[in-house]
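Here is the structure we will look at.
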Amino acid sequence: MNPVEEDRLAAAERGENPTVLARMRTGWAVIDDSRLLLLLYAGRADHLTDLPRGERARFPLDLSLLGEAVEIACRGPETGLRRLNYEVSGNSWHHLHGQVHPRYDWEPAHLRRGPVWRYGDTRTAPEHSPGPRHDGLRADLTRALTDVLAEAYREH
């Protein structure tokens with residue numbers, strides 16, 4: 001793990017990572033610099049199969065709860081939310097993390113199908129980085145996630 005990524009995890013543990021939306025059972029829900037919604041595993045693991053089976057089942061559940069919060073925060077015809085795609089990879093950062101990719105009706109037709117990575121560098125361009133214009137969305141996501149977690153964790 002590179003020092004920047006290591007520091008983000010340590011900062012989350014200290015409550016000093018500004019990208020954190022909420023602490024979940026298995027990690028931290030964050031909105032990163034390129035507006036990716038991530039669940040960062042709180043322990044040391046590279047692969048999902050590195051986890052004990054009980055924890056292995058809880059991590060995807062937490063990822064789905066993050067997705068549920070995204071659906072709630074982005075609900076309504078004005079957003080054009082089409083569906084959510086989920087991904088657990090680790091090709092560039094060797095620490096277990098999952099991603100939630102909202103997909104929208106307003107996306108260009110040739111990019112609507114297939115993975116979000118087809119957008120290339122456009123997706124991570126500086127003009128798309130989170131900033132003050134995203135404060136409302138961030139607040140909506142945090143509120144929805146807080147509500148979803150309260151209900152889900154009460155059930156289990």
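Values in this text are rule-based calculations from the coordinates and carry no lab data. Just so we're clear, the structure is a prediction, and the values are computed from it rather than from any experiment. Here the Cβ is made from the backbone with ideal geometry for all residues, glycine too, and neighbour counts use every protein chain on show.
Quick notes on this one:
- Debye log10 I(q)/I(0) for the chain, one point scatterer per Cα, at q = 0.09, 0.10, 0.11 Å⁻¹: -0.29, -0.36, -0.43
- Longest site-free stretch - the chain; sites: GluC sites (Glu not before Pro), DSSP loop, at most 12 other Cβ within 10 Å: 79-156
- Exposure here means at most 11 other Cβ atoms within 10 Å; with trypsin sites (Lys or Arg not before Pro) in a DSSP loop as sites, the longest stretch of the chain lacking them is 45-112.
- Ordering V88, A11, G76 by the projection of their Cα atoms onto the charge dipole of the chain, which places +1 on the Cβ of Lys and Arg and -1 on the Cβ of Asp and Glu, puts G76 at the extreme positive end.
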